[in-house]
Amino acid sequence: MLIDGKWTANWQPVQKADEKGRFVRQESSFRNWITPDGSAGPTGTGGFKAEAGRYRLYVALICPWASRALIARKLKRLDEIIPVTVVNPRLDDQGWRFGGFAGADEDPLYGASHLHELYTRADPHVSGRATVPVLWDEAQGVMVNNESADILRMFDTAFAALAPSDIRLAPEGLRARIDAANAQIYPRYNNGVYKAGFASTQAAYDEAVAQLFDEMARMEQHFSDGRPFYFGDSLTETDIRIFVTSIRFDAAYHGLFKCNIRRLEDHAHLHAHMLRVLNTGGIAETVDLDHIKAGYYGIKALNPPRIIPAGPATLAAEIAAAKAAL
């Protein structure tokens, strides 16, 4: 935890809890936007013009929030415009660190050992947790944004002149419906697994897990009419938001987070949706099951011996098949 720019306490999975033991997630602190002309976005200040090679995305492949930014980068063909640095999936006492794991990178800009060093470089008096994703401006040496929802939206439109794409993740005609769906899915599914896994009272857990499986049942029914994606034939950011939780569900949330009433695999239509997204537009390249399992099962507070389970075999085979088909 950073307090006034200094690392003061060992990393803990539970950021904050309310008076009933419910898990409370930290709000993102850097909210500037990249725009085509550098004008200010919906939040923050201006000065961040869309340019090739100027920005870098820091991600953890374990993290669903970082993964949705990585997926947007892939779908919008920004691979050559925005380089990526992957952190170690295993958090240590100082949080996310660089290197030391297969597929994890060293920090190419400043040689930092931990991600929190970039936070204090961006703001010497910052307080809070150092989270991923991070969108960094290499030209100015500042953090643009650490809120994945914002990054998803700016990747959708800001770089259109540099990387033309027929894909729109949040088209204007669907924006209101997308926002409404996200407001339903995020607290009950995306964050719902964390509210169950990090609950500190039985009542908080019971409430969270009931809401989680109620939402999964709702989405199962939603996809039962055979639609390929949430709003029909075209993939949107709502599908990405669902996918990043679904792909981790049987590997981590079902066991480690005690979300074990049913597996994702037991929801035929929701599982089929996960496979469709996995096999769309190179998204499988953004998924690393070794990072996911090492990261989640490396959380000492939930798994003191840090033993990584062998399965799930079905999910491993599905990811391998999707990658082989690329």
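The values are calculated or read from the model by the stated rules, or taken from the named source; none is laboratory data. On a predicted model such as this, the values are computed, not experimentally measured, just so you know. Counting neighbours? That spans all protein chains shown, and the Cβs are built from the backbone with ideal geometry, glycine included. Protein only, heavy atoms only, side chains kept; ligands, DNA and RNA dropped before computing areas. Shrake-Rupley method; radii C 1.70, N 1.55, O 1.52, S 1.80 Å.
Below, the figures for the structure above:
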| read-out | value |
| --- | --- |
| Overall Cα dimensions of segment 208-258 - principal axes, largest extent first, Å | 34, 18, 15 |
| Cα gyration tensor shape of segment 122-278, rounded if a/c is under 1.5, else prolate or oblate by comparing a/b with b/c | oblate |
| By accessible area with a 1.4 Å probe, ligands and nucleic acids excluded, highest first: order of Leu302, Leu326, Leu91 | Leu326, Leu302, Leu91 |
| Taking only Cα atoms of the chain, radius of gyration then Dmax in Å | 19.0, 53 |
| Expected 222 nm ellipticity per residue - DSSP helices of 4 or more, -39500 (n - 2.57), all of the chain, to 500 | -10000 deg cm²/dmol |
| Gain in span if fully extended, Asn279 to Leu302, counting 0.36 nm per residue against the direct Cα distance | 5.1 nm |
| Tensor-based shape of segment 104-152 (alpha-carbon gyration tensor, a/c under 1.5 rounded, otherwise prolate or oblate) | rounded |
| Highest to lowest packing among 201-210, 75-84, scored as the average C-beta count within 10 Å | 75-84, 201-210 |
| For segment 141-218: span of alpha carbons on each principal axis (Å, largest first) | 51, 36, 16 |
| Computed accessible area, Trp96, all protein chains, 1.4 angstrom probe, square angstrom | 30 Å² |
| Computed P(r) (all Cα pairs; segment 23-105; 5 Å bins; percent) | 3, 13, 17, 22, 21, 14, 8, 3, 0 |
| Segment 237-326: radius of gyration over Cα atoms, expressed as a fraction of 2.2 N^0.38 Å | 1.07 |
| Distance in nm between pseudo-label sites at Asp37 and Gln202 (7 Å out along the Cβ direction from Cα) | 6.1 nm |
| Out-of-range pairs (alpha-carbon distance over 25 Å; input Lys74/Lys323; Lys74/Lys293; Lys195/Lys293; Lys195/Lys300; Lys6/Lys300; Lys6/Lys76) | Lys6/Lys76 |
